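What follows is a short report on a single structure.
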Amino acid sequence: MAKYAAPGETDSVVSFKPRYDHFIGGEYVAPAKGRYFENPTPVTGRTFTEVARGTAEDVEKALDAAEGAAAAWGRTSVAERAGVLNRMADRIEANLEKIAIAESWENGKACRETLAADIPLAIDHLRYFAGAIRAQEGSLSQIDEDTVAYHFHEPLGVVGQIIPWNFPILMAVWKLAPALAAGNAVVLKPAEQTPASIHVLLETIADLLPAGVVNVVNGFGVEAGKPLASSNRIKKIAFTGETTTGRLIMQYASENLIPVTLELGGKSPNIFFDDVFAQQDAFADKALEGFAMFALNQGEVCTCPSRALVQGGIYDDFVQQGVKRAEQVTMGHPLDTETMMGAQASNDQLEKILSYIDVGRQEGAKVLTGGERADLGGELSGGYYVQPTVFEGQNSMRIFQEEIFGPVLSVTRFSDYTDAMAIANDTLYGLGAGVWSRDTNTAYRAGRDIQAGRVWVNNYHQYPAHAAFGGYKQSGIGRENHKMMLDHYQQTKNMLVSYSPNAMGFF
Amino acid sequence: MTEISAGTDVTEQVPEVPGPGTSRVALSPQAAELLVRLTELHGPLMFHQSGGCCDGSAPMCYPDGDFKLGGADVHLGDLSVEGLETPIGFHMSASQYEYWKHTHLTVDVVKGRGSGFSVEAPEGVRFIIRSRLFTDDEMRELGDL
């Protein structure tokens, strides 16, 4: 067992500055209005730094810097841009512990996850897009013997990105890597709940990027996010968050006729067919782990498998063992490497989860385990902790329909394949899903019948680069985590060239 | 010169949820107090209930008209606030409402820091929904039974 010292203690691997300004044009710039907001850690609820409270003036300054840098950056060779992304990846890797601990302190998640998943995935993501842009080719189409259509990829220019708080660094890198690889300059606004860890990342990599290519403006959505999203100076806006803000961002984008990519969450079904328990072997154990995956990142994942659908033949036995597995999820100090589940990201998030647990009880769902706020004692008493909670109920209940964004699983029973698909698809969303079966035909058919952009078959919560990630239905627009995201950050230039000396014959 | 009609506000197309007797949505006293202060800062306000990731499930509060409503939304009610001239409309997408309509909603406020563009976030607070199930009598009155 090892426990990292908390930032602020003398032997911590990371120290936050007492204050962070905006990062604009390669340097730190104080907010125009001179205002800052406090940033508490969810681990203890205590403030550990303060962050610039950006406004439209700061966003304009960042757009100036980005516009100044975009043309030259867009003209660099792909080898040069790939080199920058690879050097960023190497630098982050060399500072992995520091960045991972900063991320845990910022967001409240267990460092076991930031050390093994968040930051390594961010590193790999940069390398993936470094490779993808090197390998990307334009195309040509021979229209006839004398006429050729050439298709070139060109950067969009300046793009805006609004980052969520559940994976502050990984989600920033998911958006930055394709945008930078494609040759765009970025103005990025981190979430106001998690505004600081990105600056630890920036300190590590800032010297590798030309000034103005990446600009970070902190602040609140209404004060800094809105002027960015509604600006007529951006050529595209990317957002991860919820549906109402997603619609608002599309409305702003429609005023400027620019494209958007959106990732808006889900209510992902995790489906266990009878045959998973045909034998009590390694695979049965793996399926039980799959059942407990709702606790990853305290449930604060857009693809949280928050609905478990279990077939009637194994229901009682499987759910009983699954609940036992969930009860083995150890909560504790997020900087302790033995801790599996840390703190929820903010107080309002905690309150929301508790309000859903209340709705679930009122609707008649049965609490199989958990169901309460967790008081972990000592300094953690001020933090935002919730017990892993399993409800048993019906798919029409609100706890089966809304993304609680906490460690809350809603379990229900299905009779046969048709019933499973009907329940799985009875949702407004379609981001993720899990299918567990030893029968490849069943697994394949279910994977195709579920209306979701990502279906994990006999695994869950894997996010390797080169596997497209994005939503059906109300879960959003676009596919991240794959080279196809390059298309969302590029224009297509078609040059239609005639190699014939003769008139076309019209006039 | 031809007079251009001003009656093209898309909000007029937002369906009204029936049921004048029983309210579908209410305010906690703290939320009402906050709305008075927020109106001083931002002018008349509106709510749109969110869904989905991150701050999904939070009621989003915007300057009235900032969020464009349409035929895919329902109007659950108008929240009267002491000290404000006009009540504050509360809306939700029709598809989400189908899954919510058996519950009565109360807009409350807690300490916290929401993301999204909701106007209360800079004040260090967040609107939150408290829910309770409608009784059979209420459902009948609302025409849902």
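Could you check, for segment A:233-247, whether at least one of its residues is at the interface with chain B (Cβ under 8 Å from one of its Cβ atoms) and surrounded by fewer than 24 Cβ atoms within 10 Å (Cβ to Cβ)? Among the residues of segment A:233-247, at least one is at the interface with chain B (Cβ under 8 Å from one of its Cβ atoms) and surrounded by fewer than 24 Cβ atoms within 10 Å (Cβ to Cβ), which makes the answer yes. Given the options B:G65, B:G124, name the one that is of a type outside the set (K, R), modelled with pLDDT under 95 and under 23 Å from A:I162 (Cβ atoms). From the options B:G65, B:G124, the qualifying one is B:G124.
Against the definition (within 14 Å of chain B (Cβ to nearest Cβ) and surrounded by fewer than 24 Cβ atoms within 10 Å (Cβ to Cβ)), how does A:G377 come out, yes or no? Here the answer is no, as A:G377 does not meet what is asked.
For the residues A:F283, A:F291, the requirement of being in contact with a strand residue (DSSP E or B) (Cβ under 8 Å, 6 or more places away or on another chain), more than 11 Å from chain B (Cβ to nearest Cβ), touching a residue at least 24 places away in the same chain (Cβ under 8 Å) and in a helix (DSSP H, G or I) singles out A:F291.
Consider segment B:61-81 and keep the residues that are under 16 Å from B:W100 (Cα atoms) and either touching a Cys at 6+ places or on another chain (Cβ under 7 Å) or assigned to a strand (DSSP E or B) (or both). The one that is nearest to the other protein chains (Cβ to nearest Cβ) is B:D73. The conditions of being within 13 Å of chain A (Cβ to nearest Cβ), modelled with pLDDT under 95 and within 27 Å of A:F400 (Cβ to Cβ) are met by B:A58. Taking the listed residues A:A196, A:A229, A:A206, A:A181, the one that is aliphatic (A, V, I, L, M), in contact with a Leu (Cβ under 8 Å, 6 or more places away or on another chain) and farther than 17 Å from A:V59 by Cβ is A:A181, with no other qualifying. Does A:N232 meet the test of being more than 19 Å from the chain's Cα centre (by Cα) and not in a strand (DSSP E or B)? Here the answer is yes, as A:N232 does meet what is asked. Examine segment B:31-38 for a residue that is modelled with pLDDT of 95 or more, in contact with an Asp or Glu (Cβ under 8 Å, 6 or more places away or on another chain) and not in a helix (DSSP H, G or I), and state whether such a residue exists. No; the residues of segment B:31-38 include none that is modelled with pLDDT of 95 or more, in contact with an Asp or Glu (Cβ under 8 Å, 6 or more places away or on another chain) and not in a helix (DSSP H, G or I).
Beta carbons closer than 8 Å, at least 6 apart along the sequence or on distinct chains, pair a first residue in segment A:209-230 that is within 11 Å of chain B (Cβ to nearest Cβ) with a second that is assigned to a helix (DSSP H, G or I) and among the aromatic types (F, W, Y) for A:K226/A:Y252; A:A229/A:Y252; A:S230/A:Y252.
Examine segment B:90-108 for a residue that is of a type in the set (S, T, N, Q), within 16 Å of the chain's Cα centre (by Cα), part of a helix (DSSP H, G or I) and facing chain A (nearest Cβ under 9 Å), and state whether such a residue exists. Scanning segment B:90-108, I find at least one residue that is of a type in the set (S, T, N, Q), within 16 Å of the chain's Cα centre (by Cα), part of a helix (DSSP H, G or I) and facing chain A (nearest Cβ under 9 Å), so the answer is yes.
Output the residues belonging to segment A:253-278 that are surrounded by fewer than 24 Cβ atoms within 10 Å (Cβ to Cβ), of a type outside the set (S, T, N, Q) and touching a residue at least 24 places away in the same chain (Cβ under 8 Å). Answer for segment A:253-278, where residues must be surrounded by fewer than 24 Cβ atoms within 10 Å (Cβ to Cβ), of a type outside the set (S, T, N, Q) and touching a residue at least 24 places away in the same chain (Cβ under 8 Å): A:A253, A:E255, A:I258, A:P259, A:V260, A:D274, A:D275, A:F277, A:A278.
Scanning segment A:317-373 for residues that are small (G, A, S) and part of a helix (DSSP H, G or I) yields A:G322, A:A326, A:S355, A:G360.
Which residue out of A:Y489, A:Y463 is within 17 Å of A:T303 (Cα to Cα) and buried (at least 16 other Cβ atoms within 10 Å of the Cβ)?
Within the list A:Y489, A:Y463, the selection yields A:Y463.
Residue pairs whose Cβ atoms lie under 8 Å apart, separated by 6 or more positions or on different chains, with the first residue in segment B:31-53 and closer than 14 Å to B:E85 by Cα and more than 10 Å from every other protein chain (Cβ to nearest Cβ) and the second in a helix (DSSP H, G or I) and not acidic (D, E), are B:L45/B:L35; B:L45/B:L38; B:L45/B:T39.
Scanning segment B:65-92 for residues that are surrounded by fewer than 17 Cβ atoms within 10 Å (Cβ to Cβ), in contact (Cβ under 8 Å) with a residue 12 or more places away in the chain and of a type in the set (D, E) yields B:D78, B:E82. Identify all residues within segment A:11-43 that are more than 21 Å from A:C111 (Cβ to Cβ), in a loop (DSSP other than H, G, I, E, B) and more than 14 Å from chain B (Cβ to nearest Cβ); write none if there are none. If the condition is that a residue be more than 21 Å from A:C111 (Cβ to Cβ), in a loop (DSSP other than H, G, I, E, B) and more than 14 Å from chain B (Cβ to nearest Cβ), then A:P18, A:D21, A:G25, A:G26, A:A30, A:A32, A:G34 are the ones that fit.
Please verify whether segment A:198-217 includes one or more residues that are surrounded by fewer than 24 Cβ atoms within 10 Å (Cβ to Cβ), assigned to a helix (DSSP H, G or I) and of a type in the set (D, E). Checked against the condition, which is being surrounded by fewer than 24 Cβ atoms within 10 Å (Cβ to Cβ), assigned to a helix (DSSP H, G or I) and of a type in the set (D, E), segment A:198-217 yields at least one hit. A single member of A:Q349, A:Q298, A:Q401, A:Q362 is within 14 Å of another protein chain (Cβ to nearest Cβ) and on the phi > 0 side of the Ramachandran plot, and it is A:Q298.
Residue-wise test of (1) within 18 Å of the chain's Cα centre (by Cα); (2) assigned to a helix (DSSP H, G or I).
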{"site": "A:G225", "(1), (2)": "yes, yes"}
{"site": "A:Y252", "(1), (2)": "no, yes"}
{"site": "A:L262", "(1), (2)": "yes, no"}
{"site": "A:G265", "(1), (2)": "yes, no"}
{"site": "A:N270", "(1), (2)": "no, no"}
{"site": "A:V276", "(1), (2)": "no, yes"}
{"site": "A:A287", "(1), (2)": "no, yes"}
{"site": "A:N297", "(1), (2)": "yes, yes"}
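Scanning segment B:124-145 for residues that are over 19 Å from the mean Cα position of the chain (by Cα) and in contact (Cβ under 8 Å) with a residue 24 or more places away in the chain yields a count of 5.
The values are calculated or read from the model by the stated rules, or taken from the named source; none is laboratory data. These numbers come from a predicted model, not from an experiment. Don't worry about glycine lacking a Cβ; one is built from the backbone with ideal geometry, like all the others, and counts go over all protein chains shown.
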